[in-house]
Structure formats: structure tokens, C-alpha cells
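Shown next, in C-alpha cells, is the structure this report addresses.
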């Protein structure tokens, strides 16, 4: 187990290194930090561009540039934005914002997926199974932003009317400026009110696919011999399902969820756009791609790659812990 | 008299076997009365007996008819703008589903959108399918360094969420804001999961006896891949195609919503209609609901067909009459 983990960690570091190179190549080919000056009127003289190119190190060899960026990134310095502020600092606050949403959404989605999946499997071909299956198919077919708009329109309005005060917010991750003077309960309850709708929207869409996995895994387990044995030993049905069935059926889901968290970063881009969150998604679209800011895009891509690789690693190790047979392979 | 003799003989139950003549008046005698079916016939029958898959197929065909025959019946061009009928609600004379801010008919828009979205899907499949099949087949069949090289490459691309890769690439090509451009970009990056699926299937299939037999008879690698292995992965290939088609439609909508999809002037797609409609959710709900519903129904129908096909190929987890 120890060597298995070491081997996996080394492989992940290697993947990350090569991935950072690929990401750098993609970004370097895509974004020109000077582009905002091209459309200036009057156009700056050529010497201005030459100076700036020299200053930003754009004239260097591609590999030299990569090395400069990589050595900076390894020490936690992602360079400067085109407006001169530090990318690492901005990334830090953005991750906290998006992280809140993703963690809450994953917890909610996993719980829902397990409950719905197990119910679907245990009560296969009953009305409840059909109802959940239909619901899940509908959720899979829904475009994220359409569903989110629906939530904003009905759920937010409905609940706020019902409670008589604004509890759910549809825009932003906190009331602007609140963090400047408020703290403690006031700040966090406000953040919670902002958090609920995006979380629900993100969770609903990821749980749908996961619950199908859970249902299939559970069906697989329910038909196995050791379940029949457990029943034959005289255990109650409920006990066999929970202790023997569910524990084994959770193994495939852990992998799927761990891999899915990386993908959630992509899904969060849309959710953040709909709910106007100032998180990672907005950072990539507005500050990065929108302004042709190569350092922002690079930082974003690297952070997301780290998340994907780390969660792949976690998935691998978890799988080996939960299912000892895999270690031998 | 001759006839009665004949009947008594058959009542006795046994006809004397005459060499060279078939018994029972010519048909080939079978032990059972069930007609033998080839595997393909069984799969097709299973699909046609599957309620879920058939529901999807019927809905899908209806949508096709709506998108492609509808404009002929309705006779309205989506591009026609009518300054006298801007933002009219559904049911207004001539505008069954209402009109948008510049007086275009929403129903004609959805019909065109269905056409364009299916065009994107077609393009996506036409590019992604051969790519994924080729990469997966090479990696799975040859193994060793070919496998490592190709699959690590796939892993590397997948370290960044697909949607973000698409965004970054699409931001490079401002000219690609058309159904054609979006279809090509989706296709160029949509084959990664197919490659993984094909590879894992090939890894197990290439150890089978019939592959060994083909090798022993001197079949070339390409013959084994194309004549023996690919036909045996057909089930997964078809299932992937349907499910990926559904994903492509939603991805297109997401890209368009974020401003990197079909956003050019005079360009349209279901995703474009839905994204435009989101802004009008409370003021002009018909712009929000109708395109959204059309998109959901089309994705739902394709997913149902995909599931029906999967069950038809692998009925082990379903009770369907074959």
C-alpha cells in the first residue's frame, strides 16, 4: 500500500509537469498581452511595443519563458496581471469563493445520489424507481444555465415571498461591501443566503448522473452471492442492505465523485456566470480571456489541473483502500 | 380410397423415410416452432420491444419532422423581421409561439434551431467518432509504448475541464461563431472519452481466441482491427454516439451562453435561442420556455434512445422480451 501510494504520487507529479507545459503552450499560442494596446487610438509607436515585449520577456525563447513562469509558479508566484496586481493573491480569494460552492454542492449531491440510487435499486421497477429515473433523466437533459434561471425565477421569488424577507439571493456571493464592516454571524448568514441557490443548481445537475452509477452498483451488489449468504445467516433485510450491500456499492461512487470534482470546476463556470459570483469562473472569463491576460489564464488552468490530478490521485488511493484487490493489479 | 389410406398412415405418426425427399411437405423440419434469429435480429427486436427506447425514438422522429418539415408547412422564414409584431405573446395571429424583440417568429426560430443543432451534432460525430475510434483502437490493440503515448496524451488534455478547453480554443477563433465552427471545435475535442472506451474494450478483446485464430491464419493487423475487433465493439460505439450527441447539444448551449458558441450575426441554434431567452425569463417568458423545452426534449429523446440501445446490446440488467 505504501509503495502503491508513492508510485501514484510520483506519476501524478509527472503528469502535472507535462500538463503545465501543455497548458503554457496553449496559453502562449492563444493570448497576446499586448493586444489591448493595438486598438488604442492613436496607436502607440513601434518602439513602445518593442520595449514592452523586452520588458515582459516575450522575446525570449519559448522554453526560457516556460521556465521563468514554472519556477515562479512552483514558489507560489503566478506573475502579474496586465493591470499589475498579483495573480496568486487574486486566485486565492477566488478559490475560497468557488470552493464554498463546490464543497457544499458535492456534499449535497453525494447524499442525494446515494439516497436516490439506493432507493431506485432496492425498489427496482416500482413506481418510486420510475419516478426517480424520470426525474434524473430530466435533470441530465437540462442545460445548467436554464435550470439556474428557473431557480432564480421561481424558487428564490417564492421562498422570499413566503418568508416575507429576502433570505435567498440570486446575485453575487455576498452583499457587496458587507465584509468591510460586518463579521461573524451577520456575514456568514448573508453568505449562506447567497450560497443556497447556486449550490442547489450545481448539486442537482451533478447528482443526477451519480445516482445512476449508485443505482447500477447497488443492483450489481444486491444480486451477489454474499448478499444471499447474509440473508441465509439470518440477518434482517435492512441490515444486509445497509451493512453488506451499501458499503460495497459505495466503492464505484467514490471514484466517480472524486473524478467529478475536477469537472465541477468547468460546470461551476456556468453556474457562477448565472448567479454573478466573483469566483474562479468569472476570473477566467472576464479577467483572463476577456482581457487577453496570459498570466491569469495560466494560473487558472494550472490550479484546475492541480485539482483534477489531486482528485484523480485521491480516487486511486481511495479505491485501493476500499477494494484491496486493486492493489495487486 | 387412396386418400383414406394416406390419412391412416399419417395418423400412425411415422412416415417412412424416403431418402432424398424432405419430410412434411418440403419445409426444413425444426425441433421447435420458434424461428431462429441472428444476433443482430435479436438486438433489433429487443430495441423495438423496449418501451423507453421506442418512446425516445418516436419523440426524436417527431422532432425531426417538426424541424425539417415544419418550415415547409409553416412557410415562415426565421430571418424575417416584422417591426409591427415585436415581442408579441404566443397566440397572436400568425405567431403561434410569439415573437422576439425584433419581430422574428419564435416557432420558426425553434425549427431552424433544431436543424442547426442537429447539424452541429452530425458534424461533431463525423469528426470525433473516427478520431476516437482510431486512437482507442491503436492504443488498445498495439499496447506498449503506443498505448502509453496516446493515453497519456488523452489524460493530459483531460486535466483541464473540457468546457474550459473549448472556451480557450474558441476564444482564439472569433470567426468560429457559427454552427459549422462550433461543430468542428466540439468534434476536435470530443473524442477523448470514446478513445478510452474503445481502448478498454480492445484490451480485453484482443486476448480472445478468435483474434489468436485470425493471427494464426496470417490476417494482417488492419484486418483484425477492422474485421474482427471493431464489429465486436459496435454496441459501445453506438451507445457512445447517442449519449455523446446529447452531450454535444448541451455543450453547444453552454458555450453559446458563455459567448463562445454560436453568437455570430444571423446565426442560430437551439443553444443560442435558449441563451437569449434566459435574459427574458420574467419579461417575455415565451422566449425562455419554448426553446428551453425544445432543447430538453431533444436531449431527453436522444438519451432515451441511447439507453434503449444499451439495453438491447446488453440485456443482463433489464427484463425485456427478446
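See the values below:
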quantity: Rough spin-label spacing in nm, given labels placed 7 Å along Cα→Cβ, for residue A:236 and residue A:103; calculated: 3.6 nm
quantity: Per-residue Cβ neighbour rank within 10 angstrom, fewest leading, A:224, A:201, B:236; calculated: A:224, B:236, A:201
quantity: Over chain B: helical MRE at 222 nm, DSSP H runs n ≥ 4 each giving -39500 (n - 2.57), nearest 500; calculated: -20500 deg cm²/dmol
quantity: Full-stretch length increase - residue B:227, residue B:134 - with 0.36 nm per residue and alpha-carbon distance subtracted; calculated: 32.1 nm
quantity: Per-bin percent of Cα-Cα distances, the protein assembly as shown [10 Å]; calculated: 3, 12, 21, 24, 19, 11, 5, 2, 2, 1, 0, 0, 0
quantity: Length gained when the stretch residue A:167-residue A:111 is fully extended (0.36 nm per residue, less Cα-Cα span); calculated: 17.8 nm
quantity: FRET efficiency, residue B:282 to residue A:216 (Cβ-Cβ, R0 35 Å, nearest 0.05); calculated: 0.30
quantity: Global form of the stretch B:165-322, assessed from the alpha-carbon gyration tensor, a/c cut-off 1.5; calculated: oblate
quantity: Test item: B:147-156 mean partner chain Cβ contacts at 10 Å; calculated: 2
quantity: Two-site label geometry, residue A:179 and residue A:4: point separation in nm, points 7 Å out along Cα→Cβ; calculated: 4.1 nm
quantity: Angle between chain B longest axis and helix B:162-172 axis [Cα atoms, degrees, rounded to 10]; calculated: 50 degrees
quantity: Cα gyration tensor shape for the stretch A:2-328, rounded if a/c is under 1.5, else prolate or oblate; calculated: oblate
quantity: Efficiency of FRET between residue A:32 and residue B:152 - r from beta-carbon atoms, R0 45 angstrom, step 0.05; calculated: 0.90
quantity: Exposure proxy order (Cβ contacts within 10 Å, fewest to most) of B:72, B:186, A:229; calculated: B:72, A:229, B:186
quantity: Protection proxy ranking of B:73-83, B:117-127 - average other beta-carbon atoms within 10 Å, highest first; calculated: B:117-127, B:73-83
quantity: Nearest-ten-degree value, helix B:234-258 long axis tilted from longest Cα axis of chain B; calculated: 10 degrees
quantity: Residue-averaged beta-carbon neighbours from other chains (10 angstrom radius) around B:161-172; calculated: 6
quantity: Taking chain B and dividing mean pair separation by its residue count, relative contact order in percent (alpha carbons under 8 Å, at least six apart); calculated: 25 percent
quantity: Potential extension, residue B:172-residue B:72 segment - 0.36 nm per residue separation minus Cα distance; calculated: 32.2 nm
quantity: Residues B:207, A:186, sorted so that the one with the fewest Cβ neighbours within 10 Å comes first; calculated: B:207, A:186
quantity: Per-selection Rg to Rh, chain B - Cα, Kirkwood hydrodynamic radius; calculated: 1.17
quantity: Relative contact order of the stretch A:2-328, pairs being alpha-carbon contacts under 8 Å that are 6 or more residues apart, as %; calculated: 28 percent
quantity: Using alpha-carbon coordinates, inclination of helix A:87-122 to the longest axis of chain A, degrees; calculated: 20 degrees
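Throughout, read-outs are computed from the coordinates displayed, never taken from laboratory work. The structure displayed is predicted, hence computed values, not measured ones. Here Cβ is always computed from backbone atoms with ideal geometry, including for glycine, and neighbour counts include all displayed protein chains.
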